[in-house]
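Q: Got a structure for you, written out below as structure tokens; questions coming shortly.
The values are calculated or read from the model by the stated rules, or taken from the named source; none is laboratory data. Since we're looking at a predicted model, the values are computed, not measured. Backbone-built Cβ (ideal geometry, glycine too); neighbour counts: all protein chains shown. Surface accessibility is based on the protein's heavy atoms, side chains included, excluding ligands, DNA and RNA. Shrake-Rupley method; radii C 1.70, N 1.55, O 1.52, S 1.80 Å.
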Amino acid sequence: QVTLHAGAELDARQVNQYTLTLRATCPGEDEVEGWLFVRVTMGQMLRCDTPFTSAGGDVVQVPADVAPRTPLYAVLPQPLGGLMGFSSPSSLQFRLRNHNTPLLLTRRGLILAPDKGFEHSKDTQTFRLEIEVMDHHGHNCSGTVRVEVLPSRHPRITFPEPHRSVTVTEGIGPWEVVTQVHASGENVRYTILAPVAPALFAIDEVTGEIRSTRWLEVPHTHLLIQAYNALHPTDHATVTINITVKGTDRWAPRCVPAIFVSQVPETVSPGSTLVTLRCTDCTGTDECLRYDLEGPPASRSHFCMEGPQLKVNSTLDYDLEAMATMGFQFTATIVVTAGGQPPRSTRVPVLVTVSPVNEFRPACPSSATFTVPETAAFGSIVGHVAGTDRDYPPGSLEYSLEGESGPAQPFSIDRHSGEIRVVGPLDFQQQKSYRLVVRLTDTHNDLDPAKQHSRLCDVSVHLKAVPDQVPVCIPEVQELRITAGSPGSRQPVTSLVCHGSPDSATLTYTIAGGNEDGRFRLEGNSLVYLPSNQVEPRTFVLLVEVWGGSGARRRSTVVALVVHVTPWSTPVPPSTTTQHTTLQKEPLVVTRTEAVWNPPSWFVAVLTISGTLLLATLGCMAWSLLCSEQEQGLTSAFCSSHRNRGPGRLFLGKSSWDVSEQGRGKEEQGRPHAGSPVREMGTSPPGQWLSAASISGTGRDYLFNDVTGARRWI
């Protein structure tokens, strides 16, 4: 019989015929030789991997603690080895030739771990599987798989002792913990093996706690507990528990008070007694009682038991952050145990609350010197006084200034934040620095609100000088000619161009003099004329005062405006001509003295009525005379001024502002009014022409000084 070698692979494309030479001999006969021709044709076949079909077979190494029924090896048509062929896996049949192995072979060619896993051993275990693969055409291949089980690297399940004895009292009720077992290992689970149906006890599968299921009355009970690895049930260990139930009187010690709640100040000294318990046992004595303190570590470190007395063991500092974390409270339990078998105990809950005590005075900041510009506005922040206090809670300081705010102390301080602000005018020339006394007061640091500490702190505020700058207007003197519009209209005259310091406030403009009958009005820096029913030309000399700065630092300058108004009915071109004259700077002296008289109200009333009647009478008599003389006087004065002055000279003769002086005589023209307040004019050097004019209703004199043909207003 000629058979094909198990490891042979036939390929018709490479060798399609094999010639075998056969020799046969029989005893006493000659040798016979023959030939066998084997032709290989194309067709379907099964091929197995070389490792699988080799003499030694394929090798798989697995740990001993692998889970039950875990796939270990696959004899499947896939690139990684096993079977290679043209048949689908579902049409293949896998058969295990040897059955002396715990390993399993599935219908799809998977080798699985045993149902109960591998047994743990210190040595390597080897299992050999001979597998035959056949398709539905009858083609087959076979091979060998060797599974080597390596020793487990995980610890085995063990109990520290095989036997334990537990004694409990008969007072234990349902579902109370009797004892607890513990086994070392991984994925440990617990179960009761005996009795098979336990009626008195149950065990927690994970923690190993043994609990009673009813009131215990049986004196003795035996339990057999098994611990096992949940992933490898074959890894297990057992322990025997002997439970003894003893009878006892059910009277525990009785204590007064049964619960202790107290509030103590943080300054209580160590060694102080908080409470003394009065406890008795069933015999009515306290000779065999033991007192223990249980609770969190913080409570056991701050309190201790000396017999029945609960005492303070260490300082209770309310100002510590750890104390705030605990809510300023300590909880504990005093366990009072009576002697005997079994011991009986009573638990007394304890709650101690620590109250704050204001112990420390506030502390001043290390540096309290600030600098502020003298132009600081109202409400500007000067600085912040940061006081400190060691008492809890932080940030409970209140701030106040000694003395009230006023000219001598133009500052205030915020009560809670300590911010110092400006509340009054500052002037570097009057006072260069201020010394403030700030009082720091701690609040909310004691149960008694009246218990407060304070401290005075010195704060220095230095002023920073800001250079003064008077508003500048260009030009300082203007001569304007306008034609009046219709009555009731509003006619713009000019706009003043002035500027102050860059950091000063907005400039303000006021008419200081010359606004007869209120015909001129300032709207910001714009001058507006309100026409009336006048029929004759008039000239107005206006003084506009321009203010800059703020508070005590305000500065001002004066701008002179000479406005010639032609009535709207006069046939002159309806245009407005503005002439600007810029004067060269020369040292001029103007001294102005104003006298103020405040008569009583009744005198003012009588004088007003009398003056009204008198003016009404004189007005009717002098109207005709004034009209004729005014025209004649203006003409002669104007002609005289043009004859006496050179080119470019200006003479203001009798005009609308000195008509009231007409009756005093022509000899008073060009010199100060005798009835006006004190006026001093600068002396006129030879060659100069001087002219003086008085604005009725203002009590002021103004001098026009012509030196080189330029117009000068003083």
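Q: If you roll a 1.4 Å probe over the heavy atoms of the protein chains, what accessible area per residue do you get for region 131-191, in Å²?
A: 54 Å²
Q: Take peptides 472-480, 265-273 and line them up by average Cβ neighbours within 10 Å, highest first, as a rough protection proxy.
A: The most tightly packed comes first, giving 472-480, 265-273.
Q: Rounded to the nearest percent, how much of the accessible area of region 163-246 (1.4 Å probe, protein heavy atoms only) is carbon and sulfur?
A: C and S fraction of accessible area: 53 percent.
Q: Using θ = phi - 60° and the Karplus curve 6.51 cos²θ - 1.76 cosθ + 1.60, what whole-Hz ³J(HN,Hα) does each residue of region 9-18 get, with Gly and Pro shown as x?
A: Couplings: 10, 9, 9, 5, 6, 9, 10, 9, 8, 10 Hz.
Q: Same structure, new question: In whole percent, and with a 1.4 Å probe on the protein chains, what portion of the accessible area of region 301-392 is carbon and sulfur?
A: In region 301-392, the share of accessible area belonging to carbon and sulfur is 53 percent.
Q: Follow-up question, since we're still on this one. For region 327-476, report the accessible area per residue in Å² (1.4 Å probe, heavy atoms, rounded to an integer).
A: Heavy-atom SASA per residue in region 327-476 reads 52 Å².
Q: Now for a different question. How big, on average over all directions, is the shadow cast by the Cα convex hull of region 163-246, in nm²?
A: So the mean shadow area of the Cα hull is 5.0 nm².
Q: Among Q430, H444, H416, which residue has its Cα furthest toward the positive end of the charge dipole of region 369-464, with +1 on Lys/Arg Cβ and -1 on Asp/Glu Cβ?
A: Q430
Q: Packing-wise, with mean Cβ within 10 Å as the measure, how do 317-327, 371-381, 616-626 rank, highest first?
A: 371-381, 317-327, 616-626
Q: Along the charge dipole of region 254-355, pointing to its positive end and built from +1/-1 on Cβ of Lys, Arg, Asp and Glu, which listed residue (T315, V335, C288) has its Cα farthest out?
A: Result: C288, furthest along the dipole toward the positive end.
Q: Order of 399-407, 48-56 by packing, highest average Cβ count within 10 Å first?
A: In decreasing order of mean packing, 399-407, 48-56 become 48-56, 399-407.
Q: For region 163-246, what does the relative contact order come out to in percent, with C-alpha contacts under 8 Å and a separation of six or more?
A: 40 percent
Q: Report the convex hull volume per residue for region 369-464, counting only C-alpha atoms, in Å³.
A: Residue-normalised Cα hull volume stands at 84 Å³.
Q: Report the net charge of residues surrounding G403, where surrounding means a beta-carbon distance below 15 angstrom and charges are Lys +1, Arg +1, Asp -1, Glu -1.
A: Summing Lys and Arg as +1 and Asp and Glu as -1 gives -1.
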